[in-house]
Amino acid sequence: MQNTISGFSKLKKAEKIDWLLSTYFSDNVNSRTTITQYWNTDEKLQKLHDEFIENTISNFYLPLGVAPNFLINDQVYTIPMAIEESSVVAAASKSAKFWFDRGGFKAKVLSTTKIGQVHFTYHGDTERLRRFFNIIKPKLINETSHITKNMERRGGGILDIELKDKTNELDNYYQLHVTFETLDAMGANFINSCLEQFAKTLTNEAQEFKTFTSVEKDIHIVMSILSNYVPDCIVRAEVSCKIEDLKDKDIPNPKAFVEKFKQAVSIAEVEPHRAVTHNKGIMNGIDAVVLATGNDFRAVEAGVHAYASKSGRYSSLTHCKLTEDTFTFSMEIPLALGTIGGLTTLHPLVKFALQLLGNPSAKDLMKIVAVAGLAQNFAALKSLTTTGIQKGHMKMHLMNILNQFEATNAEKDAIVNHFKTNTVTHSAVVEAIKALRNH
Ligand code: HMG
């Protein structure tokens, strides 16, 4: 078959690139330069990156920005953000500055329980399975002691194991539903190792269980894996102030502003199409900090969106409360994060990002990440309900359009100056470049 290759993984990096270029690219030289220009000149650093994943051919850069002036529980942070989208860092920074003078952000970790499951099938009497489970439960825990001893010494470990009968949903389907405390580690490897040991103990013990029939002894493990849905690993972030204190250059009439703002949140609470975009804006902030601190943004995304659907209808993650004189904007989200293990000690920029945040515990990082999400949503809703999103977003996107047209520094200065008093749209920028170049 065309363009397939066997044994690719065994080739050297240079050989992989040669195959790729000769198979897919006619402009061999340019494409090779595209790949190699992103290689780090420090060979040791490049090797470190090569070994993060498999079949590495180059590095894929994302900008690392910072948003200063975040006051969280009376402590000031400059938050690192890795993201490709213009206006996100500016929006976070603007929100931080706005709330700095209004009491800052309050954040609290409500729970930190993580979950893993052993999914298995059993053909037989459920009550006998339950009796068997109760007898072997201490053994299930004991036989993981070689995995759990360090975690337990630090104060974490296995919290509980439950047997769940899921046969109403799927024939013969049961699970061990296990809860864990993994402290400053995200805990994926720890949890999965424990689960795989539970699976072994479960099948071995079933074979030996005298009151099982021969069919009942034959428990089949389907899989053992952590769950990225962590509705008991929750952090709450909030801002609140007197309505009249919201007044600023963008908010001349705070009372009218909060009513419209609340309406925007209410729409996202009841209307899934809007909720998805609303929550995407929150994830702009969350993913950027999660990435910068070396955490797994896919796990966070999956868990957060499942949480947004927990009522059966996908809804807003943030909520707004108004009393006679007070505005409160808040969010509770599940976040399973780590500040030790994984990339946190390997990737130099991740180490830098964590240092910038004062080497936080996982709980502190949960608070910082949630605040970044809330701040982002506040900025987006503030723009949406006042000027509209395009004014600020396009102002920040201007440089991307100029770079598409390979504008010189002098052209950039002239055009940025022009758009200080004119609205940025793609076509207006194109016109301005043409006019400048024809001048
Ligand atoms: P502005 O009022 O034009 O900004 O806002 P400014 O020039 O007056 O500056 C005020 C502060 O904003 C600055 O203070 C910075 O903190 C920040 P200073 O540093 O001067 O003391 N700021 C910047 N920070 C870094 N670099 C910059 C910069 N400019 C301002 N260049 C702004 C401009 C874009 C901040 C504002 O319009 C805004 O917050 N817009 C919202 C943008 C947004 O949400 N972008 C996300 C992408 S759109 C999206 O994907 C989500 C969405 O669909 C979600 C939803 O629908 O809910 C919208």
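The values are calculated or read from the model by the stated rules, or taken from the named source; none is laboratory data. The shown structure was predicted, so the numbers you read here are calculated from the model rather than taken from an experiment. Because the Cβ atoms are built from the backbone with ideal geometry, glycine has one as well, and the counts that use them run over all protein chains shown. Remember, those area values only see protein heavy atoms, side chains included, never the ligands or the DNA or RNA. Shrake-Rupley method; radii C 1.70, N 1.55, O 1.52, S 1.80 Å.
So that you can scan it fast, the table gives a plain yes or no per residue for (1) over 21 Å from Ala380 (Cβ atoms); (2) free of Cβ contacts under 8 Å to residues at least 12 places away in the same chain:
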| residue | (1), (2) |
| --- | --- |
| Val215 | yes, no |
| Met223 | yes, no |
| Ser227 | yes, no |
| Lys242 | yes, no |
| Lys249 | no, yes |
| Ile286 | no, no |
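Considering only residues in segment 227-244 that are open to solvent by 30 Å² or more (accessible area, probe 1.4 Å) and in contact with an Asp or Glu (Cβ under 8 Å, 6 or more places away or on another chain), the one that is nearest to Ile333 (Cα to Cα) turns out to be Arg236.
Working only within segment 322-341, note down all residues that are of a type outside the set (A, V, I, L, M, F, W, C), open to solvent by 10 Å² or more (accessible area, probe 1.4 Å) and either within 15 Å of Ile286 (Cβ to Cβ) or in contact (Cβ under 8 Å) with a residue 12 or more places away in the chain (or both). Hits for segment 322-341 are Asp325, Thr326, Thr328, Ser330, Glu332, Thr339, Gly341. Can you confirm whether Val258 is touching a Phe, Trp or Tyr at 6+ places or on another chain (Cβ under 8 Å) and outside any strand (DSSP E or B)? Yes, satisfied.
Any residue at all in segment 30-41 that is among the basic types (Lys, Arg) and closer than 29 Å to Asn359 by Cβ? Let's see the steps before the verdict.
So the first thing to find is which residues in segment 30-41 are among the basic types (Lys, Arg), and the list is 32.
If we keep only those that are closer than 29 Å to Asn359 by Cβ too, we end up with none.
No: segment 30-41 contains no residue that is among the basic types (Lys, Arg) and closer than 29 Å to Asn359 by Cβ.
The conditions of being more than 16 Å from the ligand (Cβ to nearest atom) and open to solvent by less than 20 Å² (accessible area, probe 1.4 Å) are met by Val258. Return yes or no: is Thr293 within 15 Å of the ligand (Cβ to nearest atom), hydroxyl-bearing (Ser, Thr, Tyr), touching a helix residue (DSSP H, G or I) at 6+ places or on another chain (Cβ under 9 Å) and at pLDDT 95 or above? In short, no. Cβ separations smaller than 9 Å between residues 6+ apart or across chains give the following pairs from segment 1-24 residues that are of a type in the set (Lys, Arg) to residues that are exposed (fewer than 12 other Cβ atoms within 10 Å of the Cβ): Lys13/Asn55; Lys16/Ser9; Lys16/Asn55.
Got at least one residue in segment 334-349 being within 16 Å of the ligand (Cβ to nearest atom), closer than 20 Å to Pro63 by Cβ and aliphatic (A, V, I, L, M)? Within segment 334-349 (the criterion being within 16 Å of the ligand (Cβ to nearest atom), closer than 20 Å to Pro63 by Cβ and aliphatic (A, V, I, L, M)), the answer is no, since none of the residues qualifies.
If the condition is being more than 24 Å from Asn359 (Cα to Cα), within 14 Å of the ligand (Cβ to nearest atom) and charged (D, E, K, R), then segment 72-103 contributes Glu84, Glu85, Lys94, Asp101. Does segment 203-226 include one or more residues that are open to solvent by less than 10 Å² (accessible area, probe 1.4 Å) and either within 14 Å of the ligand (Cβ to nearest atom) or among the charged types (D, E, K, R) (or both)? Looking for residues that are open to solvent by less than 10 Å² (accessible area, probe 1.4 Å) and either within 14 Å of the ligand (Cβ to nearest atom) or among the charged types (D, E, K, R) (or both), one finds at least one in segment 203-226, hence yes.
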